[in-house]
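Q: One structure, pasted below without further comment.
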Amino acid sequence: MARSAVLSDEDWARLEPLLPSSAGMRGRPFRDHRQVLEGIVFRYRTGCAWRDLPVEFGPWQTVWKRHHRFSLDGTWDRILTALQARADAAGELDWTVSV
């Protein structure tokens, strides 16, 4: 599977500014965010176990740790809120609910 099939350049352009930077942090800098995010997306699309991620996404432990870190620090919540606001402003989001 080609990495380009996971996240399009357009999707990546929307996500990249919403991700935290490792600048100013102690320790090793983050592995490439795009590679790791594509691993997370691939895992959820296929339903595979973390350990079964293809090597093109990097070590599965790194992908899992980044997913876990983003869950704890609210990164996923901020991304969802920003993407929903953008889609709503563009008229691409339908808030109709059927109960």
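Q: From the backbone phi of segment 51-59, what are the Karplus-calculated ³J(HN,Hα) couplings (6.51 cos²θ - 1.76 cosθ + 1.60, θ = phi - 60°) in whole Hz, Gly and Pro given as x?
A: Whole-Hz 3J(HN,Hα) from phi for segment 51-59: 5, 9, 4, x, 5, 5, 8, x, x.
Q: Using only DSSP helix segments of four residues or longer, with each worth -39500 (n - 2.57), what per-residue ellipticity at 222 nm results for the chain after dividing by its residue count and rounding to 500?
A: So the calculated ellipticity at 222 nm is -16000 deg cm²/dmol.
Q: Between residue 56 and residue 16, what is the FRET efficiency for a Förster distance of 22 Å, r being their Cβ-Cβ separation, to the nearest 0.05?
A: In this case the efficiency is close to 0.70.
Q: Given contacts defined as C-alpha pairs under 8 Å and at least six residues apart, what's the relative contact order of segment 31-90, whole-number percent?
A: 27 percent
Q: Any idea which of 71, 61, 39 is furthest toward the positive side of the dipole for segment 31-90, if Lys and Arg beta-carbons carry +1 and Asp and Glu beta-carbons -1?
A: Result: 61.
Q: Now for a separate question. Under the Karplus relation 6.51 cos²θ - 1.76 cosθ + 1.60, θ = phi - 60°, what is the ordered set of whole-Hz ³J(HN,Hα) values for segment 93-99, x standing for Gly and Pro?
A: Values, residue by residue: 10, 9, 8, 5, 10, 10, 10 Hz.
Q: Here's another thing I want to ask about it. In vacuum, with every alpha carbon of segment 32-84 counted as one equal point scatterer, what does the Debye formula give for log10 I(q)/I(0) at q = 0.14, 0.16, 0.18, 0.22 Å⁻¹? Two decimals, please.
A: Normalising to I(0) and taking log10 leaves -0.35, -0.45, -0.57, -0.80.
Q: If you don't mind, another one. In debye, nearest 20: dipole of the chain around its Cα centre with unit charges on the Cβ of K, R (+) and D, E (-)?
A: 620 debye
Q: How large is log10 of I(q)/I(0) for the chain at q = 0.10, 0.12 Å⁻¹ when the intensity is taken from the Debye formula with one equal scatterer per alpha-carbon?
A: Normalising to I(0) and taking log10 leaves -0.33, -0.46.
Q: State in Å² the accessible area per residue of the chain; use a 1.4 Å probe, count heavy atoms of protein chains only, and round to the nearest integer.
A: Dividing the accessible area of the chain by its residue count gives 70 Å².
Q: Kindly provide the trypsin sites (Lys or Arg not before Pro) of segment 1-90 that DSSP labels as loop, not H, G, I, E or B, and whose Cβ sees at most 14 other Cβ atoms within 10 Å.
A: 26
The values are calculated or read from the model by the stated rules, or taken from the named source; none is laboratory data. Everything quoted here is computed from the prediction, not taken from an experiment. Neighbour counts are summed over all protein chains in view; Cβ atoms, including those assigned to glycine, are modelled from backbone coordinates with ideal geometry. Side chains included, ligands, DNA and RNA excluded: accessible areas come from the protein's heavy atoms. Shrake-Rupley method; radii C 1.70, N 1.55, O 1.52, S 1.80 Å.
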